[in-house]
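Take a look at the structure below.
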Amino acid sequence: MKAMILAAGRGERMRPLTDHTPKPLLKVGGKSLIVWHIERLANAGFRDIVINHAHLGLQIEQALGNGAQWNVSIQYSPEEVALETAGGIANAMPLLGDAPFCVVNGDVFTTYDFSQIHTQAKAVIHGEALTHLVLVDNPPQHPNGDFAIAHGQLQNVGAPMLTFSGVGVYQPSLFNGIERGKAAKLAPLIRQAIAQDQATAEHYQGVWHDIGTPQRLTELDSWLTTHDKQ
């Protein structure tokens, strides 16, 4: 299975840090956010990674290269302007291929074990679902959540409501209606899959942080330094 890391966002709430540095290259615990993802994906057996970028994207390519230092192959999907989540994925589809693939937001930090995604997302892998999302407990900044889970199926409403972690597995066909090079949001596609009973989910209760502000970046850096997480 290939993996894609979404790294095209401007990171407006992270300014001024992102005025000169792409958000995924901001460091916590001595490593760039995106490097934490690459290392965990590599440790889980992923060998082909696609990264999209827009704002200061060449810095990302220069920092990561072809991925050889992590024993992975990295390909890049540049965007002149950020195409949002679904648009960025659709634009990268020639690099992602025809098989289900894993996507992770470049601006989150998690200790999620990507090796288990193959089991958790088996319905997508076997062609029985269009998407599988990893949900987490609601953080303080997003108290109402996004989705619920009922018997392994993703639901629009339910109890408890949980937050989408930014980690998911998708069938390429989910993006068939998105024109390459056009901006498009992911949520409408997910809700369409839910309506068709084609969406599964899991509740991950381990470490997860949405790095949306400089304060959260600083807090995570302090936590990693204290706990020496590797």
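The values are calculated or read from the model by the stated rules, or taken from the named source; none is laboratory data. Please read these numbers as outputs of a predicted model, since none were measured by experiment. Cβ sites come from the backbone with ideal geometry, for glycine too, and all protein chains shown count toward neighbours.
Structure notes:
- Being in contact with a strand residue (DSSP E or B) (Cβ under 6 Å, 6 or more places away or on another chain) and either under 15 Å from ASN105 (Cα atoms) or at pLDDT below 95 (or both) is a property that does not hold for LYS27.
- For segment 129-160, the tally of residues that are within 22 Å of ASP107 (Cβ to Cβ) and in a loop (DSSP other than H, G, I, E, B) stands at 10.
- Residue match in segment 214-224 (condition: crowded, with 17+ Cβ neighbours inside 10 Å, under 16 Å from the mean Cα position of the chain (by Cα) and either farther than 19 Å from LEU133 by Cβ or at pLDDT below 95 (or both)): no
- Enumeration of residues in segment 69-115 that are of a type in the set (D, E, K, R) and touching a His at 6+ places or on another chain (Cβ under 8 Å): GLU79
- Residues within segment 185-197 that are among the small types (Gly, Ala, Ser) and either buried (at least 20 other Cβ atoms within 10 Å of the Cβ) or in contact with a strand residue (DSSP E or B) (Cβ under 7 Å, 6 or more places away or on another chain) (or both), tallied: 1
- Check on LEU135, at pLDDT 95 or above and within 15 Å of the chain's Cα centre (by Cα): yes
- Any hit, segment 198-206, residues being surrounded by 14 or more Cβ atoms within 10 Å (Cβ to Cβ) and free of Cβ contacts under 8 Å to residues at least 60 places away in the same chain: no
- Scope segment 166-213; condition part of a strand (DSSP E or B) and closer than 18 Å to LEU130 by Cβ; matching residues: GLY166, VAL167, GLY168, VAL169, TYR170, ALA199, THR200, ALA201, GLU202
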